[in-house]
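All remarks here apply to the structure that follows.
The values are calculated or read from the model by the stated rules, or taken from the named source; none is laboratory data. Treat the numbers as computed from the prediction; the structure is a model and nothing was measured. For neighbour counting, all protein chains shown are included, and Cβ atoms are generated from backbone atoms with ideal geometry for every residue, glycine included. Remember, those area values only see protein heavy atoms, side chains included, never the ligands or the DNA or RNA. Shrake-Rupley method; radii C 1.70, N 1.55, O 1.52, S 1.80 Å.
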Amino acid sequence: MADIILETRKLTREFKGFVAVNQVDLQVQRGHIHALIGPNGAGKTTCFNLLTKFLAPSSGQILLNGRDITMMKPAQIARLGIIRSFQISAVFPHLTVLENVRIGLQRQLGTSFHFWKSQRTLEQLNERALQLLDEVGLREFADSVTVDLPYGRKRALEIATTLAMEPELMLLDEPTQGMGHEDVARVTELIKKVSKGRTILMVEHNMNVVAGICDRISVLQRGAILAEGDYQTVSQNPQVLEAYMGSATTLEGAH
């Protein structure tokens, strides 16, 4: 029996008669990188918003480790260990890279986001913050002001601040969006690296990224799951090709 960390049962969200997410049954296995893909307007972001409780479902259930979390508030969900990259990716542009990660770590001190805490209290977090920066390849930028970082490095910092919250499940919303080829390669490698011993659910448009690092893929179309499986299975599914391309050709480059 697979170890399921996150499950949805018949998850549905309607907006004034329009069904954005339609009876979605999703199972995310612990330790996997699971991708949610689909054409524009397929319901991927709405699905993410339901999982993190930015939206309430019209019907259906969300379970984390078998526990029903459907009615919980976003802060409760975060405390249980579901952390979405953009929730804390509002990196603070005028703080240093180290200070940004330290804010994520304050949660462990029970002083969440108390900016007025004494410097000494915060300095005890430096060692762990530097370890996290090491993990995402940003240690040499620790004292740089965040606003000066190139875009790809800012995304790496977002991942470090997400890791600082010690997530049991990381939700990454289009982590490589808007990046050049070099940054995409760097961030893809980074996701692969930080996934060890963690579970990641990601929305991603770039099929090369999905093919390279994802264990399992769920394809959404018009709010419903169209297909599921590994990349090989999904990329050869005629319905998936039709949804992406309008004809059964190939999914390569369908981003």
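Selection within the range 132-146: residues that are open to solvent by less than 70 Å² (accessible area, probe 1.4 Å) and assigned to a helix (DSSP H, G or I). The member of this set that is nearest to residue 100 (Cα to Cα) is 146. State whether the residues of the range 6-24 include one that is in contact with a helix residue (DSSP H, G or I) (Cβ under 6 Å, 6 or more places away or on another chain), outside any strand (DSSP E or B) and surrounded by 19 or more Cβ atoms within 10 Å (Cβ to Cβ). Checked against the condition, which is being in contact with a helix residue (DSSP H, G or I) (Cβ under 6 Å, 6 or more places away or on another chain), outside any strand (DSSP E or B) and surrounded by 19 or more Cβ atoms within 10 Å (Cβ to Cβ), the range 6-24 yields no hits at all.
Please determine whether any residue of the range 74-85 is touching an Asp or Glu at 6+ places or on another chain (Cβ under 8 Å), open to solvent by less than 40 Å² (accessible area, probe 1.4 Å) and modelled with pLDDT under 90. The answer is yes; a qualifying residue exists. Among the residues making up the range 42-62, none is in contact (Cβ under 8 Å) with a residue 60 or more places away in the chain, open to solvent by 30 Å² or more (accessible area, probe 1.4 Å) and part of a loop (DSSP other than H, G, I, E, B). In the set (1) free of Cβ contacts under 8 Å to residues at least 40 places away in the same chain; (2) open to solvent by 20 Å² or more (accessible area, probe 1.4 Å); (3) touching a Pro at 6+ places or on another chain (Cβ under 9 Å), residue 209 fails one condition alone, (2).
The sole residue among 188, 199, 161 that is farther than 22 Å from residue 6 by Cβ, at pLDDT 90 or above and under 13 Å from the mean Cα position of the chain (by Cα) is 188.
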